[in-house]
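Just so it is clear, none of the values below were taken in a lab; they were calculated from the coordinates. The structure displayed is predicted, hence computed values, not measured ones. As a convention, Cβ positions derive from the backbone with ideal geometry for all residues, glycine included, and neighbour counts pool all protein chains shown.
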Amino acid sequence: MYGKLYSSCLYGIDGVLIEVETDLSNGLPLTSIIGLPDSAIREAVERVRAAIKNCGYQYPLQRITINLAPADLRKEGSSFDLAIAIALLTTSGQLVLPPGERTLVLGELALDGSIRSVPGMLSMVDLAKRQSFTSVLLPSDNVQEARLIRGIEIYGLRHLKDLAPDLTDSPGPPENDMGNMMGEMASTGPITLKNYNHLRSCVPSSSPWNQGKTTSSLSSEDYSDVLGQHHVKRALMIAAAGMHNIMLVGPPGTGKTMLIKRLPTILPPLSEEEALEVTKVLSAAGQLKEAPQGLITDRPFRSPHHTISASGLIGGGGIPKPGEVSLAHRGILFLDELPEFQRQVLEVLRQPLEDHSVTISRARAAFTFPAQFMLACSMNPCPCGYLSAQSENQRCICTPARVAAYRARISGPLLDRIDLQIEVPPPGDWRKSGVSPSSADMQSKVIAAHAIQAKRYANHPVRWNSQLSGTFLRKKIHLPPTAEQLLDETLTTLQLSMRARDRIVKMAQTIADLDDEGMIQTAHVAEAIQYRQLDLNLF
């Protein structure tokens with residue numbers, strides 16, 4: 001006897017369609033799973049056997065072969081348990097699924113038949129919709145997540161017995177006699193499901209959009225808390241308006257971390273398209289369990305510890321999972337005390353900062369993860385931290401060689417990719433600094449600048465000024481002659497790279513957008529140049 005159902009697994013952050021084929025033949029009772037399964041899938045045999053018995057069904061006492069196709073694709077995870085169990089029940093004639101339904105089946109089984117949630121459900125349900133499936137059977141704990149994909153029927157299962165609620169709870173005859181099992185099946189007949197309507201009670205009825213909490217409405221952090229440092233706030237607003245990378249350099253206690261941690265409060269909320277991308281990445285990483293119901297509307301803010309490995313930052317594993325750069329997609333990756341990270345770990349950032357994606361190659365396949373993020377960093381000017389303080393109580397004790405070695409932990413190519421390099425001095429007499437702008441005031445200007453960029457780059461695969469490059473950059477941005485001359489003289493004097501030149505031009509365009517001016521002026525270029533303070537050797 002032969003049967004087939006459809007299930008899915010994750011490949012990177014995307015779902016892959018898997019055919020679960022079952023064949024029952026005469027021979028000694030033996031169950032084999034083939035098709036490059038991992039250990040979790042091979043162990044599914046015992047979970048499925050116990051679940052079927054404990055739910056009053058009969059586990060077939062025959063030679064059982066389960067094939068997961070395509071056979072050359074390595075599979076991992078426990079999302080096939082429910083599909084294997086239902087495939088065995090339908091192939092052995094104990095269960096008949098509704099006719100006309102093309103159903104994707106996902107879920108992990110417990111020994112008592114209850115169904116546990118699995119990660120990556122959003123991507124797999126999205127695959128089902130694109131593959132024209134009519135419905136998805138999945139764990140009830142994953143229903144809210146699955147309903148974020150519209151246009152496909154979602155049915156939640158809490159227990160294997162939910163498929164046939166009229167089935168008696170009493171266990172079937174012992175499995176030591178094939179005749180007993182076949183006689184029982186003949187007397188009762190198969191359980192035929194006309195539809196899945198009895199499962200609808202498991203499906204919540206709520207809208208998936210705009211249910212997530214937003215940083216602006218719930219966060220108690222605000223830039224009005226930061227006294228002084230107006231030039232740093234201006235730089236942070238420019239970084240947010242064009243999604244430019246930024247680094248803050250200053251002695252301890254000047255508010256570097258405090259300033260960057262408030263950066264999400266001035267970013268606009270995610271659009272629905274962006275929210276779906278971010279939610280899909282979190283789902284694939286298994287980090288959506290404690291997230292608010294509905295799409296994630298906050299821009300991600302990731303702040304890994306400096307002991308993180310290269311695989312943790314960029315992604316990795318036998319079948320790679322998203323790293324911090326992908327979990328920060330459409331948001332901010334904050335690296336506090338940048339020189340304390342291992343140099344080889346920092347070097348893996350160079351490619352995603354340019355390409356906005358990460359490709360991890362393995363023997364059988366290459367996996368691509370999105371990585372469109374803003375890099376925000378902070379560091380001290382020297383190992384002791386007080387190089388630029390020089391007060392009576394805080395004097396630098398570092399030799400020039402130690403300072404040079406400390407800064408050499410950050411390579412030139414990585415530093416060249418950081419648009420704004422800002423000194424954060426001690427606040428001084430903050431009482432004379434005037435009224436500090438609030439996050440709401442700064443956010444309104446950032447949103448206005450984003451709207452200008454959205455109009456300028458409509459119908460182009462570019463959202464922000466920081467994404468411009470090559471011919472497209474030259475086509476969209478034009479400098480007046482005086483600004484061009486200033487920029488050329490700066491490049492010659494400071495011996496800046498062409499990458500640094502392009503980043504100055506993109507920053508100047510963002511400053512013009514913040515000032516609501518269509519064309520870049522010489523003052524905008526001059527302001528952009530002074531933000532490259534490490535290139536200018538100002539500290």
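Quick look at the values:
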item	result
Compactness of region 215-436 - radius of gyration and Dmax, Cα, Å	18.6, 63
Tail beyond 30 Å, pair distance distribution of region 2-202 (Cα, percent)	15
Highest to lowest packing among 340-346, 26-32, 222-228, scored as the average C-beta count within 10 Å	222-228, 340-346, 26-32
Peptides ranked, highest mean first, by Cβ atoms within 10 Å: ranges 459-470, 496-507, 152-163	152-163, 496-507, 459-470
Percent antiparallel among DSSP beta bridges (both partners in the chain, rounded to 5)	45
Vicinal HN-Hα couplings computed from phi for region 336-347 (Karplus, 6.51 cos²θ - 1.76 cosθ + 1.60; Hz; Gly/Pro x)	7, 6, 3, x, 6, 6, 5, 4, 5, 6, 5, 5
Peptides ranked, highest mean first, by Cβ atoms within 10 Å: ranges 478-491, 253-266, 435-448, 370-383	370-383, 253-266, 435-448, 478-491
Of Lys233/Lys445; Lys280/Lys476; Lys129/Lys455; Lys256/Lys476, those spanning more than 22 Å from alpha-carbon to alpha-carbon	Lys280/Lys476; Lys129/Lys455; Lys256/Lys476
Expected-Rg normalisation [2.2 N^0.38 Å, Cα atoms] applied to the chain	1.21
Burial ordering of Val232, Val16, fewest other beta-carbon atoms within 10 Å first	Val16, Val232
